[in-house]
């Protein structure tokens, strides 16, 4: 979820080796933050650009960020599959050329 409206103040950046790396609209790592104001969202975690809300509107609750990470992983997995298939096609073409030369 992208939002411009929140009464949250962020914590310092947290980079976890096992956690997702979420990037904002200008492709920088969006730090993990926590809502610190009293209210129904107190303690909820979210990702926002380091420049949020001043210049970048990127904002994502952690649950949404997990969906984004899952989609990014699926894209990476498909890209890897495509690369593997391209390499296999190249090898088969070379093998075919070698057989034709015999």
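Odds and ends about this structure:
- Residue 50 vs. criteria exposed (fewer than 10 other Cβ atoms within 10 Å of the Cβ), over 12 Å from the mean Cα position of the chain (by Cα) and either touching a residue at least 12 places away in the same chain (Cβ under 8 Å) or assigned to a loop (DSSP other than H, G, I, E, B) (or both): no
- Test result for residue 76, without any contact (Cβ under 8 Å) to a residue 12 or more places away in the chain and under 17 Å from the mean Cα position of the chain (by Cα): yes
Every number here is computed from the coordinates shown, using simple stated rules; none is lab data. Model, not experiment: these values are computed from the prediction. When we count neighbours, we look across all protein chains shown, and the Cβ atoms used for this are built from the backbone with ideal geometry, even at glycine.
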